[in-house]
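Colleague: Can you read through this structure? Questions will come right after.
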Amino acid sequence: MSTIRTNLQAVQGHIAEAAQSASRSPDTVCLLAVSKTCPAQTVIEAARAGQHAFGENYEQEAIRKMQQIREMAPDLRLEWHFIGPIQSNKTRGIATHFDWVHTIDRERIARRLSEQRPETLPPLNVCLQVNISNEDSKSGIDEKGLFELAKTVSNLPRLKLRGLMAIPEPEDEPEKQHEPFRRLKNLYNQMRKAGYDLDTLSMGMTADMDAAIAEGATIVRIGTAIFGARN
Ligand SMILES: *Cc1c(COP(=O)(O)O)cnc(C)c1O
């Protein structure tokens with residue numbers, strides 16, 4: 001059995017355990033395989049092992065990889081999620097080639113993605129990225145601006161607002177990993193109360209997926225545990 005298949009099964013088992021410990025059904029947590037820096041062949045291997053959704057951070061790398069995969073494995077129908085920072089000059093590529101975008105943190109980018117989403121495709125599923133650890137350097141909208149951005153995005157015709165995403169500051173102590181995820185979940189609940197029809201909390205990576213699942217993640221974004229360390 002290939003390493004990737006073994007790793008995928010281990011991660012799925014891990015997700016199921018974390019969900020059960022939190023009294024959640026394992027099928028409420030989706031695994032997004034983060035394939036940035038992995039070659040097309042590796043993505044195909046993961047897809048052949050049953051993985052459907054893939055996350056990419058760099059527009060050019062991702063689009064080239066999608067093209068290679070179409071040539072190498074035309075039967076595969078994969079779901080692509082953009083999870084990296086977005087520059088304005090990349091919005092057209094992202095709007096054209098992806099099914100989801102997790103990293104919307106400003107109005108200008110949201111408007112461009114909506115305008116550039118091809119009419120032949122369904123609306124682009126989007127999450128708003130929240131700067132949950134309040135770091136100056138990190139991307140993400142701060143909590144104060146979140147509701148205004150949500151209002152704008154939910155009115156854009158070619159975007160479908162699905163939920164929230166965050167990348168908390170790395171924290172080694174598992175106990176301390178919960179707090180930012182809990183805050184994101186609270187914001188999510190507040191927005192649902194305010195009438196936003198959300199179903200997605202994108203939070204948790206290889207090092208903190210247990211805490212994220214305990215706090216309600218519906219998508220965990222996992223790279224290293226599936227594909228190994230990136231260099
Ligand atoms: C790279 C990346 C991941 C995956 O991180 P791992 O620690 O390798 O699981 C998840 N989310 C985002 C936004 C990333 O950039």
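Colleague: I need the full set of residues from region 58-99 which are open to solvent by 10 Å² or more (accessible area, probe 1.4 Å), within 29 Å of ASN131 (Cβ to Cβ) and out of contact with any strand residue (DSSP E or B) (no Cβ under 8 Å at 6 or more places or on another chain), in order please.
Modeller: Once the filter is applied, which keeps residues that are open to solvent by 10 Å² or more (accessible area, probe 1.4 Å), within 29 Å of ASN131 (Cβ to Cβ) and out of contact with any strand residue (DSSP E or B) (no Cβ under 8 Å at 6 or more places or on another chain), region 58-99 yields TYR58, GLN60, GLU61, ILE63, GLN87, SER88, ASN89, LYS90, ARG92, GLY93, THR96.
Colleague: What is the one condition in (1) out of contact with any Gly (no Cβ under 7 Å at 6 or more places or on another chain); (2) over 20 Å from LYS144 (Cα atoms); (3) without any contact (Cβ under 8 Å) to a residue 24 or more places away in the chain that ALA214 does not satisfy?
Modeller: (3)
Colleague: SER23 versus (1) open to solvent by 60 Å² or more (accessible area, probe 1.4 Å); (2) within 16 Å of the ligand (Cβ to nearest atom); (3) over 24 Å from ALA150 (Cβ atoms): which is the lone unmet condition?
Modeller: All conditions pass for SER23, except number (2).
Colleague: I would also like to ask the following. So, in region 169-193, exactly how many residues are exposed (fewer than 14 other Cβ atoms within 10 Å of the Cβ) and in contact with a helix residue (DSSP H, G or I) (Cβ under 7 Å, 6 or more places away or on another chain)?
Modeller: 1
Colleague: Right, here's the next one. When GLY223 is evaluated against the numbered criteria (1) surrounded by fewer than 18 Cβ atoms within 10 Å (Cβ to Cβ); (2) touching a residue at least 40 places away in the same chain (Cβ under 8 Å); (3) of a type outside the set (Phe, Trp, Tyr), which criterion, by number, is the only one it fails?
Modeller: The failed condition is (1).
Colleague: Looking at region 148-168, which of its residues are within 15 Å of the ligand (Cβ to nearest atom) and either touching a strand residue (DSSP E or B) at 6+ places or on another chain (Cβ under 8 Å) or open to solvent by 90 Å² or more (accessible area, probe 1.4 Å) (or both)?
Modeller: The answer is GLY163, LEU164, MET165, ALA166, ILE167.
Colleague: Look through GLN51, GLN41 and report the one residue that is open to solvent by 50 Å² or more (accessible area, probe 1.4 Å) and modelled with pLDDT of 95 or more.
Modeller: On the way: GLN51 fails: open to solvent by 50 Å² or more (accessible area, probe 1.4 Å).
So the residue among GLN51, GLN41 that is open to solvent by 50 Å² or more (accessible area, probe 1.4 Å) and modelled with pLDDT of 95 or more is GLN41.
Colleague: Next question. Restricting attention to region 194-214, report how many residues are open to solvent by less than 60 Å² (accessible area, probe 1.4 Å) and within 16 Å of the ligand (Cβ to nearest atom).
Modeller: Summing the residues that are open to solvent by less than 60 Å² (accessible area, probe 1.4 Å) and within 16 Å of the ligand (Cβ to nearest atom) in region 194-214 gives 11.
Colleague: With the condition being within 16 Å of the ligand (Cβ to nearest atom), I'd like the helices (runs of 4 or more DSSP H) fully within region 54-133 carrying at least 2 qualifying residues.
Modeller: 59-72
Colleague: Collect the residues in region 21-53 that are farther than 21 Å from ILE83 by Cα, in contact (Cβ under 8 Å) with a residue 60 or more places away in the chain and basic (Lys, Arg), keeping them in residue-number order.
Modeller: Across region 21-53, the qualifying residue is only ARG24.
The values are calculated or read from the model by the stated rules, or taken from the named source; none is laboratory data. Values in this document were obtained by computation on a predicted structure and should not be read as measured data. Positions of Cβ are generated from backbone atoms using ideal geometry, with glycine treated the same way; all protein chains shown enter the neighbour counts. Please note that ligands, DNA and RNA were not included when accessible areas were found on the heavy atoms of the full protein model with its side chains. Shrake-Rupley method; radii C 1.70, N 1.55, O 1.52, S 1.80 Å.
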